[in-house]
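S.K.: Have a look at this one before I ask anything.
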Amino acid sequence: PVFAEGVQHATAVKGTDKQSKMVICGVNSFNPTRENRMIVSQLSDAIEITTLEIIREQMGSTYSPSANVSCSILPRGIFEWQFYIECDPDNLKKIEDAIIGILKDYQKNGPSAETLAKVQEQMIVNRGSSMQNNYFWKNVIEASYQYDENRDDDASIDDYAARVKKVTVKDIQKMAKEQVNLKNFVVVTLVPESEPAEE
């Protein structure tokens, strides 16, 4: 299916409790090299941290906002980003503006050095734990054949750590600027029946 063009808003009405849900998402074509996928992974984790800091801790507008950036390889390279928020209906516009502000800031500046350091440290720790189970190695072998990639460096935690730490703030800023299209995304909200639906 073809993604909607322009900035599109849609509203669903259900229930009577004063609570809403909002999804903001966008897609773009993507060159899914291993290097680019590593940058996307760190972009996703960094934006998740920033979203929690701003939407939950600073604004206090929602308990557990979710932010995710991902990419696919087959059948073609696709870059996707999505935010999922549960909040008071009165805060929908304020949160939407804050999310777009986060994305614009990443396009201009990337994550803070502190945030990137947290992301990279956690990725390396998680990889060390994953390497202790056979399911991880099964996936490495399968993906090597499926995507026709040499993943020998995944066998060494030191090699993996080097790949992780190779990514810079500028790399993430460049990825956000090139792949997050703020002229083409969708906002879908769920509001209670007592709230007027948007046009």
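S.K.: If we keep just the residues of the range 141-185 that are in a loop (DSSP other than H, G, I, E, B) and at pLDDT below 95, which is farthest from SER72 (Cα to Cα)? Full working, then the answer.
M.R.: Step one: list which residues in the range 141-185 are in a loop (DSSP other than H, G, I, E, B), which gives 147-151, 156, 167-168, 180-184.
Next cut, at pLDDT below 95 only: 147-151, 156.
On the way: TYR147: 11, ASP148: 15, GLU149: 15, ASN150: 18, ARG151: 17, SER156: 24 Å.
Looking at the filtered set, the residue picked out is SER156.
S.K.: Which one is modelled with the highest pLDDT among residues in the range 9-50 that are of a type in the set (Ser, Thr, Tyr) and open to solvent by 30 Å² or more (accessible area, probe 1.4 Å)? Break it down into steps so the answer makes sense when it comes.
M.R.: Let us first name the residues in the range 9-50 that are of a type in the set (Ser, Thr, Tyr), namely 11, 16, 20, 29, 33, 41, 44, 50.
Cutting the leftovers down to open to solvent by 30 Å² or more (accessible area, probe 1.4 Å) gives us 11, 16, 29, 33, 41.
Numbers: THR11: 95, THR16: 85, SER29: 95, THR33: 94, SER41: 98.
Applying the filter and picking the extreme gives SER41.
S.K.: Would you please list the contacts, defined by Cβ atoms under 6 Å and residues six or more apart or on different chains, that run from a residue in the range 93-121 that is within 16 Å of GLN179 (Cα to Cα) to a residue that is part of a helix (DSSP H, G or I) and open to solvent by 10 Å² or more (accessible area, probe 1.4 Å)?
M.R.: So the pair list comes out as ILE102/THR50; GLN107/LYS177; GLY110/VAL169; GLY110/GLN173.
S.K.: Of everything in the range 5-24, what is in contact with an Asp or Glu (Cβ under 7 Å, 6 or more places away or on another chain) and of a type in the set (Val, Ile, Thr)? Give them in sequence order.
M.R.: THR11, VAL13, THR16, ILE24
S.K.: Still on this structure, I have one more. Tell me whether the range 186-196 contains one or more residues that are open to solvent by 40 Å² or more (accessible area, probe 1.4 Å), farther than 30 Å from TRP137 by Cβ, at pLDDT below 95 and among the small types (Gly, Ala, Ser).
M.R.: For the range 186-196, residues open to solvent by 40 Å² or more (accessible area, probe 1.4 Å), farther than 30 Å from TRP137 by Cβ, at pLDDT below 95 and among the small types (Gly, Ala, Ser): present.
S.K.: While we're here: Going residue by residue through the range 94-107, is there one that turns out to be of a type outside the set (A, V, I, L, M, F, W, C), open to solvent by 40 Å² or more (accessible area, probe 1.4 Å) and part of a loop (DSSP other than H, G, I, E, B)? Explain how you work it out, then say what you get.
M.R.: So the first thing to find is which residues in the range 94-107 are of a type outside the set (A, V, I, L, M, F, W, C), and the list is 94, 96-97, 101, 104-107.
Then keep just the ones that are open to solvent by 40 Å² or more (accessible area, probe 1.4 Å); that gives 94, 97, 104-105.
Next cut, part of a loop (DSSP other than H, G, I, E, B) only: none.
Within the range 94-107, not a single residue is of a type outside the set (A, V, I, L, M, F, W, C), open to solvent by 40 Å² or more (accessible area, probe 1.4 Å) and part of a loop (DSSP other than H, G, I, E, B).
The values are calculated or read from the model by the stated rules, or taken from the named source; none is laboratory data. Small disclaimer: the values here were computed from a predicted structure and weren't measured. Cβ sites come from the backbone with ideal geometry, for glycine too, and all protein chains shown count toward neighbours. These area figures cover heavy atoms from the full protein model, side chains too; ligands, DNA and RNA do not enter into them. Shrake-Rupley method; radii C 1.70, N 1.55, O 1.52, S 1.80 Å.
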